[in-house]
Amino acid sequence: MSLLCPTELEKLETAHLADRREALTDLRAKGPAGLEVFLAALPRRFGRELLGPEVLQDPNRIDLRAWRRCDLAAALLLAKAEDALLEKLFQQGDTDERQMVLRALSARMIDDATRRILEAAHRQNDEAVFRAAYADSALAAMALDDESLDRGILKAAFLGIDLGRLIGVENRARPELSAMLLDFMTEREAAGRRIWPGSLELAAHAPCVGVRSRILGDLWHGEDLRRYHAVRGARIILGDHDDEELRDQLRLRRERERAPFVLAALG
């Protein structure tokens, strides 16, 4: 399966690239292989402007608000390209080209080439490339094995990418990953560095020893974002089984909370 079907791509083309029909027709006539020459020109020909805030799509599948016009053009042109060409374009590309190839993966069937390109993006020392691979779509959560996805999530935590942008990872939560997240929290705190706020919320989907106690502590943390994710983590645990202490602490937190977005999470 693919994250974007041909019908959705066609609608996006009509909505966002109607003023570039001639350029698209010209490039389509050259075929996918033509992008070995012309991929680098897509940002200039189609622009780097974001598609806009209205193109959320399915928030459980893909968030197109991160896409640029050139990303959409690349997806349209590479939807039927051979795997070997796609991998070649990624390996030879610069940051812009690699971002376009990665986003074009959403228009293709998930296969071994998808996994190889995502793993190659993880190895790049380029945050923009990593975000294009792992953020704003469920592609990584759908395509990668447990070990590869865990590495990606930990790198996202290191980079401070918001948990909400890692679509679908909660469905792949495992106690082993939760333990790694707790270890990472401990390391960061010992070094006096800021932890990844989403750690406990994600770990709550598959709790290991220590998750519940850390959540209870973070409900009273001085940082609003830490409390927010602790609240969400507590509610996830309570959704699976009753916990009187967690319920009581959420009630007390609600009585004292002043941050509007934390209050909204408390319900």
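Exactly one residue out of ALA157, ALA206 is assigned by TED's automatic domain parsing to the domain that holds ARG98 and either in contact with a helix residue (DSSP H, G or I) (Cβ under 7 Å, 6 or more places away or on another chain) or in a loop (DSSP other than H, G, I, E, B) (or both), and it is ALA157.
Each residue in the range 107-151 was checked for being assigned to a helix (DSSP H, G or I) and either within 16 Å of GLU87 (Cβ to Cβ) or in contact with a Cys (Cβ under 9 Å, 6 or more places away or on another chain) (or both), and 18 pass. Taking residues in the range 74-101 that are farther than 16 Å from LEU118 by Cβ, and partners anywhere that are part of a helix (DSSP H, G or I) and acidic (Asp, Glu), the pairs with Cβ atoms closer than 7 Å and at least 6 places apart or on different chains are LEU76/GLU13.
For the range 54-62, check the following and say yes or no: at least one residue is polar (S, T, N, Q) and in contact with a helix residue (DSSP H, G or I) (Cβ under 9 Å, 6 or more places away or on another chain). Within the range 54-62 (the criterion being polar (S, T, N, Q) and in contact with a helix residue (DSSP H, G or I) (Cβ under 9 Å, 6 or more places away or on another chain)), the answer is yes, since at least one residue qualifies. Beta carbons closer than 8 Å, at least 6 apart along the sequence or on distinct chains, pair a first residue in the range 125-152 that is under 22 Å from THR95 (Cβ atoms) with a second that is of a type in the set (Asp, Glu) and in a loop (DSSP other than H, G, I, E, B) for ASP136/ASP63; SER137/ASP63.
The values are calculated or read from the model by the stated rules, or taken from the named source; none is laboratory data. Just so it is clear, the model here is predicted, and its values are computed rather than measured. In this analysis, Cβ positions are derived from the backbone assuming ideal geometry, glycine residues included, and neighbour counts consider all displayed protein chains.
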